[in-house]
Amino acid sequence: MLDFSALEEKCPKCNGKGGIENGTWYHNWIMRNSKCHVWDTKDKPKDQAPQDQPGECMYSFCENCNGRGKILTTEGKRLIEIVRFWMNSNY
């Protein structure tokens, strides 16, 4: 019988999440959530509203697992090679 749990494992780069959060956003989130930086935009002019958001994306897909959160083990790669061989009728 085939052990399916032995064919794939959690991606070590993204810890199984499928993506990686951009660290430049942490400062922005901390500033917005801290009690000493509560902004009330009704009382302040718009030019004093926070404008410090990073230009990069908050979240990017993991390049190691292509956003799946899992990678193939050596047994899984071997199974895929066998399936590809038998699915190709040109051999």
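The values are calculated or read from the model by the stated rules, or taken from the named source; none is laboratory data. Just so it is clear, the structure is predicted and the values come from calculations on it, not from any experiment. Backbone-built Cβ (ideal geometry, glycine too); neighbour counts: all protein chains shown. Just the protein is used for accessible areas: all its heavy atoms, side chains included, with ligands, DNA and RNA removed. Shrake-Rupley method; radii C 1.70, N 1.55, O 1.52, S 1.80 Å.
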Of all residues in the range 76-91, which are at pLDDT 90 or above and open to solvent by 100 Å² or more (accessible area, probe 1.4 Å)? LYS77, ARG78, GLU81, ARG84, TRP86, MET87
The listed residue being at negative phi, open to solvent by less than 100 Å² (accessible area, probe 1.4 Å) and modelled with pLDDT under 65, out of PRO50, PRO54: PRO50
Inter-residue pairs, beta-carbon under 9 Å, first of a type in the set (Val, Ile, Thr) and in the range 53-77, second open to solvent by 40 Å² or more (accessible area, probe 1.4 Å) and in a strand (DSSP E or B), 6+ apart: ILE71/GLU8; ILE71/GLU9; ILE71/LYS10; THR73/GLU8; THR73/GLU9
Just one of the numbered conditions (1) at pLDDT below 85; (2) surrounded by 10 or more Cβ atoms within 10 Å (Cβ to Cβ); (3) more than 18 Å from the chain's Cα centre (by Cα); (4) not in a loop (DSSP other than H, G, I, E, B) is not true of TRP39; which one? (4)
